Every structure is written in structure tokens, then in C-alpha cells.
Amino acid sequence: MKAAYGASDRWREAGGPPARPKPPVPGQKISIFRPNIYDGAALALYALRQEIGRPAFERLERIWVQEHRDTTATTGDFVRLASAVAGRDLRGFLTAWLYGEKTPPMPGHPDWKPQPPPRTAPLTARR
């Protein structure tokens, strides 16, 4: 997770946040396995587990599967259930993780830092 956290700002810049990905480049196959979506969402779930604690997170997992088995659900449904299980409003926390342009601080890991996206070298005059 630390390595994914370090790469997250680069993923977000290249492909958008996990729950609001940029459209694929023309000719690029559409895939949920793009790093910003697949790995970025896993990182958001890890952050949620860090924020609410393992017992509450495991309870959330069980309730989610029980309530939504064989049905469809939205991100909003997940945020509401996570907030109910945690006993506090998690909309701001999860909105930053799912829709933010920059990776939020990782709960429980103040030493983790996202690596900045690489800067492009300035164009030099051709001779």
C-alpha cells in the first residue's frame, strides 16, 4: 500500500481520481484495471480501514455483501453505509479519496508521501 500511495498522485494526474476517471485516450481499451481505478480504489479502501479501524471495516464488508448481494448499488450507497457503520459522517473523507485530484493524507501513516508527477523537461531550441 505504501508503494501504491507513492504512485497515487501520478495515477490521478494521468487517469483521474478513482471514482471519476478521465475518458480513455482514443484507441485505448476501456478497462477497470487502469491503475487510477483499480489500484486507486483499493488504496481508498485501505485508507477507510485505517480511518475506521479493522473491526468496523470488517463489519462494513459483511453488511455490504449481505445488503447488496445480487443487486446493484452506488458509491453513495457505500458512503452512507460506511458512515452508519462508523457512527459518523464519512462523506468528506471518502469524497477526497474517491474524487480528489490529489491523494489525501493516509490515516495512521503520517510519514507516507505521494511522489509528485514527473515534470516534463522544458523544450529547447533546435539548432
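Laboratory data are not the source of any read-out in this text; all were calculated from the coordinates shown. Since this is a predicted model, take the numbers as computed values, not measurements. Every residue, glycine as well, gets a Cβ built from its backbone with ideal geometry; the counts of neighbours run over all protein chains shown.
Observations on the model:
- Taking amide hydrogens as placed 1.01 Å from N in the peptide plane, the amide H of L90 sits under 5 Å from those of S83, each at least 5 positions away in sequence or on another chain.
- Fully extending the segment from D77 to T95 would add 5.2 nm, taking 0.36 nm per residue of separation and subtracting the current Cα-Cα distance.
- Summed residue charge, Cβ within 12 Å of A73's Cβ, Lys/Arg positive, Asp/Glu negative: -1
- Stretch gain in nm, segment K2-H68, where the contour uses 0.36 nm per residue and the Cα spacing is subtracted: 20.7 nm
- Estimated dipole of the range 1-76 in Debye, rounded to 20 [Cβ of Lys and Arg +1, of Asp and Glu -1, Cα centre]: 160 debye
- Think of the chain as a dipole: +1 on every Lys or Arg Cβ, -1 on every Asp or Glu Cβ, centred on the Cα centre; then among A84, F57, Y99, Y99 lies furthest on the positive end.
- Positive minus negative residues near P23 (Lys, Arg vs Asp, Glu; Cβ under 14 Å): +4
- For the chain, the normalised intensity computed at q = 0.10, 0.11, 0.13, 0.14 Å⁻¹ comes to -0.37, -0.44, -0.59, -0.67 (log10 of I(q)/I(0), Debye sum over alpha carbons, equal scatterers, no solvent).
- Sorting the segments 64-76, 18-30, 36-48, 94-106 by their mean number of nearby beta carbons within 10 angstrom, highest to lowest, gives 36-48, 94-106, 18-30, 64-76.
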